[in-house]
Amino acid sequence: DDLRLFHRATTPSLSSSHLSSSSSPKIAFLFLTNSDLHFLPLWNRFFRTAKTSRYNIYVHADPTVNITRPTKSVFDDRFIPNAKRTFRASATLISATRRLLATAILDDPANAYFAVLSQYCIPLHSFNYIYRSLFTAKTFDLTSNSSDLTQYGVRVKYKSFIEIISKEPRLWKRYVARGRFVMMPEVPFEDFRVGSQFFVLTRKHALLVVKDRTLWRKFKLPCYRASECYPEEHYFPTLLSMQDPDAVTRYTLTRVNWTGTVAGHPYMYKPKEVSAKLIYELRKSNYSSSYLFARKFSPDCLKPLMGIANSVILRD
């Protein structure tokens, strides 16, 4: 099923990597979940201010879990039909993300950016702020130079916002988790990278991911050292770093707190911590004008988040 989907998505007549001049570029929001969408009311309010001609929503929900399918919301009928079971720290999360990308590529040729999110993610700004940041803002990407912009501030060449780290203390142990020489010769250690599985890709790079067969054959192999195996954090940054390093920013737009991690999970914010001060702090970035999304928030954070949605989160 996946191979047929990927083949259709990469057929030239169906998968143009460039938008026509008459098209209004869209952001495809790709939600990867194995539970209910905890912050559905917040996302509904987020999309309420957006023009429907500027976004699409796609949800990959683990079919083995009883997940509530929302009705009378922007998420109605946005669950993709070919979803399969997913497990943390396994290649199933790579497969699920590739299904979302392929579905979005096929669904609408106007999808220009593809943002991967989870049920624990929240927006840090209004839709309009995020749209402007990705498509037109002059100074959003602090790592770009003036040659990347036209005189009107529109980027000449869009880049993907994906974290790519080459130096990480446990990188070697992660590399040999499948066996010392298993990744060779396609992925030598000096090309092995790590980064967040939550990213924003251009259409060109979404197609590159869906077309890939070579690296996928390596990263889908099982690990014998599970504690060091997080393929969803390695496949995408390694692939893009090897295939198109000059067209990526090397940083993510999704803020995450890794202090006090437990079993490889990032810090999870609780209701008492939700405040305007926290949102302002989560926005701060050394690489861009602001982070656009954040994770992880516990499901019971919904009420305090909705309490500051209009006055803080969606107010720019």
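The values are calculated or read from the model by the stated rules, or taken from the named source; none is laboratory data. Note that the structure is predicted; figures quoted are calculated from it, not measured. Using ideal geometry, Cβ is built from the backbone for each residue, glycine included, and neighbour counts are taken over all protein chains shown. Note: areas computed on protein heavy atoms with side chains; ligands, DNA, RNA excluded. Shrake-Rupley method; radii C 1.70, N 1.55, O 1.52, S 1.80 Å.
For the set TRP216, TRP43, TRP258, the ranking by accessible area, highest first and with no ligand, DNA or RNA atoms included, is TRP258, TRP216, TRP43 under a 1.4 Å probe. A straight Cα-to-Cα reach below 17 Å connects LYS84 with the aspartates and glutamates ASP1, ASP2, ASP36, ASP62, GLU232, residues fewer than 8 places away in its own chain not being considered. Using the Cβ-Cβ distance between THR68 and LYS270 with R0 set to 30 Å, the FRET efficiency from 1/(1 + (r/R0)^6) comes to roughly 0.85. Taken as Cα centroids, region 251-296 and region 43-117 sit 22 Å apart, rounded to the nearest whole angstrom. What the chain shows is 47 Å² of accessible area per residue, with the surface traced by a 1.4 Å probe over protein heavy atoms. Counted over all Cα-Cα pairs of region 83-224, pairs farther apart than 21 Å make up 54 percent.
Between ASP1 and MET242, the distance separating the two model label sites (each 7 Å from Cα on the Cα→Cβ line) works out to 2.8 nm.
Only the Cβ atoms of Lys and Arg (+1) and of Asp and Glu (-1) were treated as charged; on that basis the dipole of the chain about its Cα centre amounts to roughly 240 debye. For the chain, carbon and sulfur atoms together expose 52% of the accessible surface, with a 1.4 angstrom probe and every protein chain in place. Charge dipole of region 46-184 (Cα centre as origin; +1 on each Lys and Arg Cβ, -1 on each Asp and Glu Cβ, all else neutral): 420 debye, rounded to the nearest 20. Remark: the TYR287-THR49 segment gains 83.0 nm on full extension, using 0.36 nm per residue and subtracting the alpha carbon distance. Residues within the reach of a label modelled at THR139 (point 7 angstrom out along Cα to beta-carbon, backbone nitrogen below 16 Å), restricted to region 272-316, are 284-291.
Of the cross-linked pairs LYS26/LYS204; LYS26/LYS72; LYS173/LYS284, those separated by over 20 Å at the C-alpha level are LYS26/LYS72; LYS173/LYS284. Across the alpha-carbon set of region 1-124, the Rg to Rh ratio works out to 0.96, Rh being the Kirkwood radius. Maximal additional length on extending the SER311-ALA226 stretch stands at 26.2 nm, based on 0.36 nm per residue less the C-alpha distance. Give the residue from PRO237, HIS60, THR10 lying farthest towards the positive end of the charge dipole for the chain; charges sit on Cβ (+1 for Lys and Arg, -1 for Asp and Glu) and the dipole is referred to the Cα centre. Highest projection toward the positive end goes to HIS60.
Working from Cα pairs under 8 Å separated by at least six residues, relative contact order for the chain is 22 percent. Per-residue ellipticity at 222 nm computed for the chain from its helices equals -7500 deg cm²/dmol, with DSSP H segments shorter than 4 residues left out and the rest contributing -39,500 (n - 2.57).
Computed about the Cα centre, the dipole magnitude for region 171-253 is approximately 260 debye when only Lys and Arg (+1) and Asp and Glu (-1) carry charge, each at its Cβ. Put simply, when 241-251, 193-203 are sorted by average Cβ atoms within 10 angstrom per residue, most first, you get 193-203, 241-251.
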